[in-house]
1. Residues to consider are A345, A293; find the one that is more than 9 Å from the ligand (Cβ to nearest atom) and either part of a strand (DSSP E or B) or under 13 Å from the mean Cα position of the chain (by Cα) (or both).
2. Considering only the range 296-325, how many residues are away from the ligand (no atom under 11 Å from the Cβ) and without any contact (Cβ under 8 Å) to a residue 60 or more places away in the chain?
3. From the residues in the range 129-145 that are of a type in the set (A, V, I, L, M) and touching a residue at least 40 places away in the same chain (Cβ under 8 Å), which one is nearest to A293 (Cα to Cα)?
4. Determine, yes or no, whether L328 is surrounded by 20 or more Cβ atoms within 10 Å (Cβ to Cβ), away from the ligand (no atom under 12 Å from the Cβ) and touching a residue at least 60 places away in the same chain (Cβ under 8 Å).
5. Out of everything in the range 296-318 that is more than 8 Å from the chain's Cα centre (by Cα) and part of a strand (DSSP E or B), what residue ends up being surrounded by the fewest Cβ atoms within 10 Å (Cβ to Cβ)?
6. Kindly establish whether G9 is touching a residue at least 40 places away in the same chain (Cβ under 8 Å), surrounded by 22 or more Cβ atoms within 10 Å (Cβ to Cβ), within 15 Å of the ligand (Cβ to nearest atom) and closer than 25 Å to P283 by Cα.
7. Consider V187 against the criteria (1) closer than 19 Å to I268 by Cβ; (2) surrounded by 16 or more Cβ atoms within 10 Å (Cβ to Cβ): it satisfies all of them except one. Which criterion is unmet?
8. Show the residue pairs that are 6+ apart or on different chains and have beta-carbon atoms under 9 Å apart, the first residue being within the range 188-213 and within 12 Å of V80 (Cβ to Cβ), the second being of a type in the set (K, R) and not in a loop (DSSP other than H, G, I, E, B).
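The values are calculated or read from the model by the stated rules, or taken from the named source; none is laboratory data. As the structure is a computational prediction, the values presented were derived from the model and not from experiment. Cβ coordinates were reconstructed from backbone atoms using ideal geometry, including for glycine residues, and neighbour counts include every protein chain displayed.
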Amino acid sequence: MEVDALIVGGGPVGLSLAIAFKQHGLRAVVLEKETTEVQDWSKAYTYRLDVRGLACMERIGLLSDFASKGVKQVGFHVKVWKPDGSCMEKSAAGMGSLGYTMQRPTMIKILESCLSPGDVVRGALTDINFDGKAIVQVILKDGTESHITASMVFGCDGRHSRVREILQKIDSEFTMSSVGTPSTGFVYKAMLYRPPQNVDPKCIYRIVSMSGFTLLMFPHDGPPGEPRPLQMAQAPSHRLHSFQAPSDLIDFLRAEFPQLEVDKHLDIASAEAWCNTRGTAFPRAQWCKRASAEVSGVPVALLGDALHCFPPDLGQGINAGLVDVCCLLDLFPSDVSNKDAMRAAFKAYEACAVKEAEAICRLIPVGFPYQYQQPFSLSKFLFMSSFLIRMVASKLLPTLFFDPVVVNIQADPPLLYSEILRRHQQVSGRLLLCSGVFMAVCAASWKRFRI
Ligand SMILES: Cc1cc2nc3c(=O)[nH]c(=O)nc-3n(C[C@H](O)[C@H](O)[C@H](O)COP(=O)(O)OP(=O)(O)OC[C@H]3O[C@@H](n4cnc5c(N)ncnc54)[C@H](O)[C@@H]3O)c2cc1C
């Protein structure tokens, strides 16, 4: 098979890019190693497309599909579902722009339906030989070996990107830089729960246990009563991660969450899936120092989690990936046979994408990283104090102090991640200066008072 563009990875980023390339008239193929059916809900997240992601969907003509199949929310409205069965609504409507929530399988289905069946090849990339063209070695789903010849390669193959690994062997600059965050190492797991009919599919539910920890149910893109993921992100040592037998898990849920009525609404297969999966660990926030290269005349670029990945504290995983897609499309030349224009486009993409990738990764530890019920610690106390000070300062003196990261990330029209980081750093500097001045005034007053 010979194509213009081979896109490795059929996640949301790879599929969106393939749709855009098809619209450009390019022969593009997506290589995806997994099938579409979800086996493990601990690896199928709930995405919230905010203004960034929606801009990409609009660009590829899919905004109306997302609007009709996703759950629309402006701001964040949460129902707190207590053990006694009562519900209390909490809302932070001012802190959120427009967003559409949908489970990953629905999103993948929508995107794949825009491509022809032959556009997605089920198989795993093993290696690439570059020689004027990319000769891509593939192991197909049925176990046979094959190859695809491509003029360009796009690595959209997620956090353990094979394309990035191959590039790294050619150029050591394709390494990841990383920063730790307070949620790094937390384990995410989900199970399918069939809620009672009166549970609103369009709402976020925070389900509180007898001992005070919580499970989350994000808005679901199906009708009331349809199974939806019940999810948790907690330290690996958390009791709920420890069960090996589904019956023990169900006993525990029955005692801790009487409001869930697990005997009626949770089937044994879901409990079994929870016990059998290792879940997904939140990574360190990490970005690659390079986003594109020309290898033996073949342009290669990295997008999405292959370029940057981080814990989902700010809900930006999917949105940051779709920003990469838009950035590449903005720069992509109309004449793909023009080698100079292509080279310039890939260079410009790298300059922009790496800067934004680093910025979003640096925003994660300072955004809102203590939302997973972490125990009290000095760093948690310092973060919460700093957050409150920033919030109050931005309300009292908006010309001097910008909003905190978690508010700025939801700004509509959206701000670049690098701009949000710049604002955060500027506020830090100004607060430091203010506290210096305050201490100097206190010291001077104290001296005067003593004299
Ligand atoms: C625990 C957890 C929770 C998350 N929750 C959220 C959330 O709530 N909201 C949010 O926006 N983001 C969340 N994210 C991040 C989000 O999942 C990613 O940012 C997003 O899926 C990136 O899309 P992508 O297309 O770049 O990569 P992926 O979605 O990872 O897709 C990559 C694809 O490449 C395929 N692939 C990999 N290697 C090969 C190969 N060698 N050959 C062929 N195919 C290959 C994979 O099968 C996969 O389908 C979460 C991440 C984690 C770890």
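1. On the way: A345 fails: either part of a strand (DSSP E or B) or under 13 Å from the mean Cα position of the chain (by Cα) (or both).
When all the criteria are applied, what remains is A293.
2. 0
3. Step by step, filter the range 129-145, then rank; the result is A134.
4. yes
5. Ranking the candidates gives V298 first.
6. In short, yes.
7. If we test V187 against (1) closer than 19 Å to I268 by Cβ; (2) surrounded by 16 or more Cβ atoms within 10 Å (Cβ to Cβ), just (1) comes out false.
8. Going by the 9 Å Cβ cut-off, the qualifying pairs are C203/K79; I204/K79; Y205/K79; R206/K79; R206/K90.
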